[in-house]
Each structure stands twice: as C-alpha cells, then as structure tokens.
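Everything on this sheet refers to the single structure shown next.
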Amino acid sequence: MTNKLSTKNGAVALALGTVIALIVLKVIVAFLTDSISITAQAADSALDLFSIGVIFLAVRAASKPEDEDHPFGHGKMEGIAAIIQGLLIIAAAYFITHSAIMRIIDKTIMDPSWSGIGVMLTSVVSSILLSRHLKKVANSTDSTAIEALANNINADIFSTSGVLAGLLIVRLTGLQILDPVIALVMVVLILKAGFQVIRRSFHELTDYRLPKEEQAILLKIMDEHKNSFAGFHEVRSRRAGSQRFVDLHLVMPRYASVEEAHEMCDHLENDIKEKLANASVVIHVEPCADEECQQCLVISCEMNPGK
C-alpha cells in the first residue's frame, strides 16, 4: 500500500480522498456556524478537488511514451496542469477576498463554535501530512504537477491556520471583525504560492534551462573527463515534466577514429544519465582545429605522431 501511495497516481488518489472528506466536513460546519472563513475554506477545497482531477489527467497523459506525433514525449502536460493549479489558487484568493470584504461591509455575525474549530484543526493536520507526502513524491518522481499540487495544499495550511486562529480569537474575545480580517491576511500567502507555481510552469513550457544546481552537475561531469576530449561548447538543457533534455557539441582530436568518438559519447551519456535522472542526451561530435593544440588537454595527443 505504501509503495502505491508513493507513485504519482497513488499520491493523486490519496489527495483526492483527503480533499473530499475535508469538503464534506467544511460544508457542514460552514452551514452551522455561518463563518465566512470556513465557507471560503470549503470553496478553496472544492477548487482543490477540481485541480486534482486535472492533475490526474495530466499525470496519465505525461506518462505516455513517445510516439510519432510526440517524439519528445508528453512531459509538458504536467506543466500545463501546474499552470491550471496556479490559476485556481489565484481564483481561490479572489473568492476569499470578495467574501471577506462583503462580510466586513454587512457586519454579519458568525458563530465560532467548537465544531468549526475542530474541523479547522483536523484540516490543518491533514493538509500538513498530505503536503509533506506530495512533496516527497514530487521529489522522487520529478513531477512538476505533483509539486504544484503540494504547493496548493501547502497554501491551504496557511489559510486554514489563519481561519483556526481567527475562530479561536473570536471565541475568546467576541471580536467578529477578526474573522474576515484574518482571511484577508491569508490571501497574501495564497497569492504568493499561486504565482510561484505559475512561474515554475512557464519556465518548463518555454524550455527554460535546467536549474543552476543541475547545470553545475552537468559541467562537473564534463570537467571530470576533460583529458579525454579537446573541448565542448553549445551546452543546452531543458525540462518537460520529469524528463530532462541535454545536448552539446563535443570536440574530439582529429586523429580519433569514429569508434573512439562513439565510445566517448556513450561514456558521457551514461555518466550524465546516472547523475541527472530521466535525462535524454544528444552529443554532436566535431574534430579539433590545429590552432587549438596549445590549449588541448588530451594527453594522448602528445604521443600521436600525426600531430
């Protein structure tokens, strides 16, 4: 069971069950207490339910192998789903803002019952556990969509915690204004999470280079083999879902045979794939120029009588 929940589909199924249970609880308590904060939370969870459906479809589509029409796979489907996630987060922030402002204007009275406090506490604990699990799955599977879902649930933690604090304070002090005010404060955190998700997704969809940490790994690999080739240039990288794409130009000594150049390329490809998960590597081989000999680090060049 644990192994299944650690897969992309298993993580989505777990999120689906958790969110449905929380929606039912929040709707019931929102009806009983007339709390705008809990109502906003129920609406936010409803958006989560829709976004989980989008993630489920995206994960299935992204896992399809390459085909004639999609020779680079379907990984960008996760990026599209992540953008939808970000937009839904922003939509939830708008709904909360509008509802809170109307509550301040109308001066509606809410009932800060212990049932509402209990539901919010349950929601916070459930969201923390779910978010941590989704983050773990996202890291192990390199899934942009699952990471976006984890950030969405993480935003719920902040907003729900604010609602919980507001209910407790209203319960203890009777200051009704704190319910919508705290909801507005939580909007800032929700918007921040939404824009972060969208930014990451746009990077992926526009073939943004790999993160600096992964670029450093790539350059380190090339540096470790610098005595085996004459040089390299035009290193390019991008990411689509969990798939990484790397291509570069490799300069080999002009006396090297086709077999030697091929073996060097295979060695580099295997090394890159070992240290960068799900990497697809393309290497273009070029012969060195005579004027490069002074800078060449290939030890065997000195022993080659043709140079």
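No lab work stands behind these numbers, since they all come straight from the coordinates. Everything quoted here is computed from the prediction, not taken from an experiment. A quick note on method: Cβ atoms are made from the backbone with ideal geometry, for glycine too, and the neighbour counts reach across all protein chains shown.
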Under 5 Å, built H, 5+ apart or other chain: amide partners of VAL285: LEU250
Apply the Karplus parameterisation 6.51 cos²θ - 1.76 cosθ + 1.60, with θ equal to phi minus 60°, to every residue of segment 268-277 and state each ³J(HN,Hα) to the nearest whole Hz, in sequence, with x for glycine and proline. 5, 4, 5, 5, 5, 5, 6, 9, 10, 4
Provide THR206, THR144 in ascending order of the number of other Cβ atoms located within 10 Å of each residue's Cβ, fewest first. THR206, THR144
Just rank PHE229, PHE245, fewest to most, by other beta-carbon atoms within 10 angstrom. PHE245, PHE229
Amide H contacts of LEU210 (H built 1.01 Å from N, under 5 Å, at least 5 apart or other chain): SER237, ARG238
Sequence ranges 148-160, 13-25, ranked by mean other-Cβ count within 10 angstrom, highest first: 148-160, 13-25
If only Cα atoms are counted, what is the Rg of segment 90-153, and what is its Dmax, in Å? 16.4, 48
Tell me which residues come under 5 Å, amide H to amide H, from ARG244 once H is placed; ignore anything under 5 positions away on its chain. ALA279, SER280
Just to check I understand the Karplus step: with θ = phi - 60° and J = 6.51 cos²θ - 1.76 cosθ + 1.60, what whole-Hz values come out for segment 44-53, glycine and proline as x? 4, 5, 5, 5, 4, 4, 5, 5, 5, x
From a point 7 Å beyond the Cα of ALA216 in the direction of its Cβ, which residues of segment 234-278 have a backbone N at a distance under 16 Å? 276
Footprinting proxy, LEU210, LEU250, LEU219, LEU87: sorted fewest to most Cβ within 10 Å, the residues are LEU219, LEU87, LEU210, LEU250
